[in-house]
Every structure is written in structure tokens, then in C-alpha cells.
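Below you'll find the structure, written out as C-alpha cells, and then a few comments.
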Amino acid sequence: GYFGKDNEVDHITNSAGFRGGEFSTQKPENTFRIAFLGDSFTFGEGVLFEDTYAEQASILLNQRYAGSGVKFESYNFGVGGYNTAQELYALKNIVLRTLPDAVVVKYDVSEAESSLYRVDDTTQEIARSPRWYEEPGNILEPLPPDKFIYKFRLPKLVWQFFKNQKQNKLMVAYYKSIFKEKNPGWQESRSALLEIIKLCGNN
């Protein structure tokens, strides 16, 4: 009963394009507003709005501090595919206008990746950048070879096991590589994170 009839979850966004109700640049008295920055994990891809960790934070805080006279609000600024540099942009240009009392930045191994979308220099159109598993050499066959032996369950499971092992090695190698000191993505991510900390300290 969690998903819809077509196994889907409806994602409702506000007029600013973020998940949840409308944001306000004013704040009621005795309100503690928390702004959440991140990618699809923060946005809550595939889960109901009330089950996003951003919304759960304010729900649990309101339960814990019931009767204190303080109301907790969560503003969800998560966008699928965002990295730290884009989260910094959102913070400077949108988030701080909503007067948050605290800012939570979701940080994981994908933060040092390049932007998922970019403007093509030639056509000026928005283009999607391939992810590591879409790069040549990293694309693995989805099904075993069309051989008689793979008609049987056990050989098929063995093939799947070794495919998964190879996929895991490729994934680990990729994420280790993007956090190397000389990688521009890691340098940009670290610089953006430090600026986020500085901005939050000054506001």
C-alpha cells in the first residue's frame, strides 16, 4: 500500500521547484527553521514526502520538544544529482533568503563528482554528463552470453556473482579516484564545503 497502482510515488514540488510546501522569506515567532541541502537522498527520491529524512527531522523534534513553545520546520532544498558546488550556489542564492536557523548538508561519496547537467558550449543546450557506470569500459553486459550452459540456474548465478564482483571493483576504484588530491572535482567540493561553513557562521 505504500506505492501507487503503477508502483510509483508522486513527488510534489513548490513554486521554487523544491520538494514540499511553499517556502517563506519570513519566519513566525518561536520557529526554528532547518534548511536541508543535498541530492536525491535529501530530495527523497522514491519515498513519500513525510518519509524524507528532512521532514522526519522536524516531526521528531516537534515530538521531543512538545510543550516547549518552539515549532521546528524543515525546508528541503535537495535536488537529484546536485554536488557540493551546486549546493553552495543554492545556499547563497535561495536558501539564506528563507532565514534558516540551521543548515544541514548531506555529504557522501558522490559530492566530488562533476555536475550531472551542463550547458553544451556549442549548442547552448542542457546536456547530461555520463556517470561512471555509463563510461566506455564500465558498461557491463546485463545478461549472460547466449550459450546453452547459461540456460541452467547455477551457471547463471555464478555468472551474476562474478559480474557483481567486477561492478563493485569498478565502483570502488572510481570513487577512490575522484577523491584524489589532484582531482578538480574534489578540490571544488572541498572549497565549496568550506565556503558553506563560512557562510553559515556569518549568518
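The values are calculated or read from the model by the stated rules, or taken from the named source; none is laboratory data. These numbers were taken from a predicted model, which means no experiment stands behind them. Quick reminder, even Gly has a Cβ in these numbers, built from the backbone with ideal geometry, and neighbours come from all protein chains shown. These area figures cover heavy atoms from the full protein model, side chains too; ligands, DNA and RNA do not enter into them. Shrake-Rupley method; radii C 1.70, N 1.55, O 1.52, S 1.80 Å.
Here Y174 fulfils each of the conditions (1) surrounded by 15 or more Cβ atoms within 10 Å (Cβ to Cβ); (2) touching a helix residue (DSSP H, G or I) at 6+ places or on another chain (Cβ under 7 Å); (3) free of Cβ contacts under 8 Å to residues at least 40 places away in the same chain; (4) more than 30 Å from S74 (Cβ to Cβ) apart from (3). Of all the numbered requirements in (1) open to solvent by 70 Å² or more (accessible area, probe 1.4 Å); (2) touching a Lys or Arg at 6+ places or on another chain (Cβ under 8 Å), T52 misses one, and that requirement is (1).
Which of the residues spanning the range 72-126 are more than 16 Å from the chain's Cα centre (by Cα), outside any loop (DSSP other than H, G, I, E, B) and surrounded by 14 or more Cβ atoms within 10 Å (Cβ to Cβ)? Result: F72, E73, S74, V95, L96, T98.
Put simply, of N168, N202 the only residue that is out of contact with any strand residue (DSSP E or B) (no Cβ under 8 Å at 6 or more places or on another chain), under 18 Å from D108 (Cβ atoms) and surrounded by fewer than 11 Cβ atoms within 10 Å (Cβ to Cβ) is N168. Just one of the listed residues (A54, A90) is closer than 30 Å to S191 by Cβ, of a type in the set (G, A, S), touching a helix residue (DSSP H, G or I) at 6+ places or on another chain (Cβ under 9 Å) and modelled with pLDDT of 95 or more, and it is A54. P144: in a loop (DSSP other than H, G, I, E, B), more than 30 Å from V79 (Cβ to Cβ), open to solvent by less than 50 Å² (accessible area, probe 1.4 Å) and in contact with a helix residue (DSSP H, G or I) (Cβ under 8 Å, 6 or more places away or on another chain), yes or no? So P144 fits the description; yes.
With respect to the conditions (1) open to solvent by 50 Å² or more (accessible area, probe 1.4 Å); (2) modelled with pLDDT under 95; (3) of a type outside the set (D, E, K, R), L60 lacks only one, and its number is (2). Entry remark, the range 15-37: residues being in contact with a helix residue (DSSP H, G or I) (Cβ under 8 Å, 6 or more places away or on another chain) and either without any contact (Cβ under 8 Å) to a residue 24 or more places away in the chain or surrounded by fewer than 12 Cβ atoms within 10 Å (Cβ to Cβ) (or both) number 1 in total. Return a yes/no flag: does the range 23-35 have any residue that is under 15 Å from V105 (Cα atoms), part of a loop (DSSP other than H, G, I, E, B) and not basic (K, R). No, because not a single residue in the range 23-35 is under 15 Å from V105 (Cα atoms), part of a loop (DSSP other than H, G, I, E, B) and not basic (K, R).
Quick check: is even one residue across the range 34-46 at pLDDT 95 or above and more than 17 Å from E87 (Cα to Cα)? No, the range 34-46 contains no residue that is at pLDDT 95 or above and more than 17 Å from E87 (Cα to Cα).
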